[in-house]
Structure formats: structure tokens, C-alpha cells
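A short worksheet on the structure shown next.
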Amino acid sequence: MSCPTLAAAQYPAAAANIACNLERHLEFVAQAADQQVQLLVFPELSLSGYELAYAPELALTLDDPRLQPLTAAAQSRQMTIIVGAPLRSGPALHIAALIFHPNGALTTYTKQHLHGAEQQYFSPGEGGSLLELHHHNIAMAICADTSEPGHASSAARAGAHIYAAGVLVSEAGYAKDSAALADYARRYGMVTLMANHAAPTGGWIPAGRSAIWDNTGELLVAAPDDASSLIIADKTSDGWHGRLCQLS
């Protein structure tokens, strides 16, 4: 069974500037394509920044024409691209992962477990279906979802081989959150991936250090503290291997 090449984007979001962030996302996508990446995951709320008070006015809908370049990039690069955004669904506002598929489809995962001030602006989401890529099932998570052990165990029971999380994690929370992801990898035999922010956003200073763990819980690769980077994992005949691609 062939395995997709996975990548987490350690991304510096421009505050409340979706147009700027869309351009930056496409730059990361182009770099990822040069590295033969087939699944690229961005951090939580990467398209808007973690700007909670501005989320109602920044919220996107799935038919927003500004998303078309990402739809086109997923098709032309034959890459599954997962970005973070505030999503308006009827009257509800969700923290979402927008999933751009190589066939042109756009699907979503919505954050189930809200944290702190998020509850003032957002409604809890319903999650989403597993993604299938090269016969591997991929479960999504957004930040505080990973702090709920039942979230990862449900993903494993559903048949996930890969657990991919877009997050905003500060230094204070990094040791606990990264240990949880390593434990899920070891306990459930899932490759786990964490895409963190690379620059301050919404009043938070992220720890960076986006990381990927193999299905035994071994750390494959981690980004530097605050560098704009792609961390990449490939599987060969002798197992999983990690590599770092730093961006300017």
C-alpha cells in the first residue's frame, strides 16, 4: 500500500487579512508541490489569524469566490490542502478546517471542543468524515480537540491511520499537547501531525515546533521555534522518515 507524503505548514498568519493570507497559502502550496507533498495541513484559523473578535466579519462560506484559487491549486497540484478559517453555516459560526480535494471538491471539518474565549464567538462543530488518500484514512482535529482523549480514540476506532491537527499552541501548552499527540500515535498506531503557527496571532505567542510522529510515537521531524517551514514525512520500504523545508 503506497502512503501519501504528508506535510504540516508552520505558518505566519497576517492578522484579519484574508487576501494576504490567501496569497501566502498559495506560496506554501507551491513549495510543498516542489517537495512532492500530497497532503498539506495549515494551522487553526490560518486564513484569518486567531482574531476571535473579528471572526464574525471575517467568516467565510463555502461558495466564497475568494477560495477559488485554493480549489484550483488543489486540482493543478493534485494535493489535498487543509486550511483553517472561520466558517459561517446558516446562523452558526464555526472554527473550521476547509479541505480542498484534488478532484475539485471542498469539504469541511468543524472544531468540536472550544477553548476559552472561543465560546463567546463560535458554536461547537460536529467534526467531519475521515478523508481517504492513497488507501489511508485521515482524521482531522483542531487544537483543543486533541486535548480530549476520546477524540483521538474515536478516530482510531473509525479506522484512522493518520491524525492531523491544525493548532495554535503557546509555549505554556506545548509540552502537554505534544506529549498527547505522541501518546495517541503510540497507543493507536496512527501517524500524528501538528501544524502550529509561526508568528504571534490574536494576542498569543505560538511555540512553533510543528511536528510529526510516526505510528510508534517516535518523533520524525519538528520545525524550529518560529521559522516559516514545511515539515514533511515520507514512508519508504524501511519506514517513515521526516525532513524540514524552511521558507523565506
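Just one of the listed residues (Thr71, Thr5) is touching a Leu at 6+ places or on another chain (Cβ under 8 Å) and closer than 23 Å to His94 by Cα, namely Thr71. The criterion of being surrounded by fewer than 24 Cβ atoms within 10 Å (Cβ to Cβ), assigned to a loop (DSSP other than H, G, I, E, B) and within 17 Å of the chain's Cα centre (by Cα) does not hold for Ala180.
Scoring Arg209 on the criteria (1) assigned to a strand (DSSP E or B); (2) within 13 Å of Ser178 (Cα to Cα); (3) open to solvent by 40 Å² or more (accessible area, probe 1.4 Å) leaves a single failure, condition (1). Filtering the range 212-235 to residues that are assigned to a strand (DSSP E or B) and open to solvent by less than 70 Å² (accessible area, probe 1.4 Å) leaves Ile212, Trp213, Leu220, Val221, Ala222, Ser229, Leu230, Ile231, Ile232, Ala233, Asp234. Of all the numbered requirements in (1) out of contact with any Lys or Arg (no Cβ under 8 Å at 6 or more places or on another chain); (2) in a strand (DSSP E or B); (3) touching a residue at least 40 places away in the same chain (Cβ under 8 Å), Gln120 misses one, and that requirement is (2).
Here Val191 meets the list (1) buried (at least 23 other Cβ atoms within 10 Å of the Cβ); (2) within 18 Å of Glu44 (Cβ to Cβ); (3) in contact (Cβ under 8 Å) with a residue 60 or more places away in the chain almost entirely, failing just condition (2). Can you spot a residue in the range 149-161 that is in contact with a strand residue (DSSP E or B) (Cβ under 6 Å, 6 or more places away or on another chain), outside any loop (DSSP other than H, G, I, E, B), under 17 Å from Gln38 (Cα atoms) and open to solvent by 10 Å² or more (accessible area, probe 1.4 Å)? Checked the range 149-161: no residue is in contact with a strand residue (DSSP E or B) (Cβ under 6 Å, 6 or more places away or on another chain), outside any loop (DSSP other than H, G, I, E, B), under 17 Å from Gln38 (Cα atoms) and open to solvent by 10 Å² or more (accessible area, probe 1.4 Å). For the residues Leu67, Leu40, Leu62, the requirement of being in a strand (DSSP E or B) and modelled with pLDDT of 95 or more singles out Leu40.
Among the numbered conditions (1) of a type outside the set (S, T, N, Q); (2) farther than 26 Å from His115 by Cβ; (3) open to solvent by 20 Å² or more (accessible area, probe 1.4 Å); (4) part of a helix (DSSP H, G or I), the only one that Val29 does not meet is (3).
Per-residue answers, yes or no, for (1) open to solvent by 20 Å² or more (accessible area, probe 1.4 Å); (2) at pLDDT below 95; (3) farther than 26 Å from Leu39 by Cβ:
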position: Leu93; (1), (2), (3): no, no, yes
position: Leu98; (1), (2), (3): no, no, no
position: Pro102; (1), (2), (3): yes, no, no
position: Ala105; (1), (2), (3): yes, no, no
position: Thr108; (1), (2), (3): yes, no, no
position: Gln119; (1), (2), (3): yes, no, yes
position: Glu126; (1), (2), (3): yes, no, no
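The number of residues in the range 36-85 that are open to solvent by 60 Å² or more (accessible area, probe 1.4 Å) and either under 14 Å from the mean Cα position of the chain (by Cα) or aromatic (Phe, Trp, Tyr) (or both) comes to 1. In the range 128-144, of all residues being without any contact (Cβ under 8 Å) to a residue 40 or more places away in the chain and under 17 Å from Ala195 (Cβ atoms), the one that is surrounded by the fewest Cβ atoms within 10 Å (Cβ to Cβ) corresponds to Gly128.
The values are calculated or read from the model by the stated rules, or taken from the named source; none is laboratory data. Because the structure is predicted, anything quoted here is derived from the model rather than measured. Counting neighbours? That spans all protein chains shown, and the Cβs are built from the backbone with ideal geometry, glycine included. These accessible areas exclude ligands, DNA and RNA; they are computed on the full protein's heavy atoms, side chains included. Shrake-Rupley method; radii C 1.70, N 1.55, O 1.52, S 1.80 Å.
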